[in-house]
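Undergrad: Let me begin by handing over the structure; questions about it come next.
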Amino acid sequence: EWTRTIEQRELKVPLVRRRPLTKLLVFGITFRAQLENRDDEYDNVKFSYAWGLVRSNAKEDQRKGISMLEELRFSDASRDRECRYYMAIGYYKLGNYKEAKKYLLPLLQQEPSNDQFLSLKTELDNCINRGIQMSYFYDAL
């Protein structure tokens, strides 16, 4: 199983998905090949590659994936929902919880009962609250 979830919080959002390096390389090679052609499949290939990068464990890959998803949001409005969600996950994985919420909240306004969105929001809120509690602790020292 490539997915690890936090079951004690009933979080159903995949937090870390490990993809074999060869799979990510295939995404990258396919994307670079599409750069030359820019045919109808270009956006699909770019999305798959960005998605793979966000799911990587390497922070630099995650940043690159987020950047690619941001580009896709503006070039293909039909992908806005998917891109926002995976950008939120990317920022979550980078530890930038407030930025993750910025991309997640508009999705929750459109789909307030979406379990994936609600689970991610709960996890983000918990992380933000833990950060606030830690900062109070350190300020008291």
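Undergrad: Given 0.36 nm per residue, what is the gain on full extension from LYS23 to LEU94 after removing their alpha carbon distance, in nm? All intermediate terms of the calculation are to be shown ahead of the outcome.
TA: Details: separation 71, 0.36 × 71 = 25.56 nm, distance 2.16 nm.
Extra length available between LYS23 and LEU94 comes to 23.4 nm.
Undergrad: First compute the accessible area of the stretch 67-116 with a 1.4 Å probe, then give the percent of it belonging to carbon and sulfur atoms.
TA: So the carbon and sulfur contribution to the accessible surface is 46 percent.
Undergrad: A further question on this structure: Which residues in the stretch 75-92 place their backbone N less than 19 Å from a point set 7 Å from the Cα of LYS102 along the Cα-to-Cβ direction?
TA: Backbone N within reach: 75, 80-92.
The values are calculated or read from the model by the stated rules, or taken from the named source; none is laboratory data. In this text, all values refer to a predicted model and were calculated from it rather than measured experimentally. Because the Cβ atoms are built from the backbone with ideal geometry, glycine has one as well, and the counts that use them run over all protein chains shown. Side chains included, ligands, DNA and RNA excluded: accessible areas come from the protein's heavy atoms. Shrake-Rupley method; radii C 1.70, N 1.55, O 1.52, S 1.80 Å.
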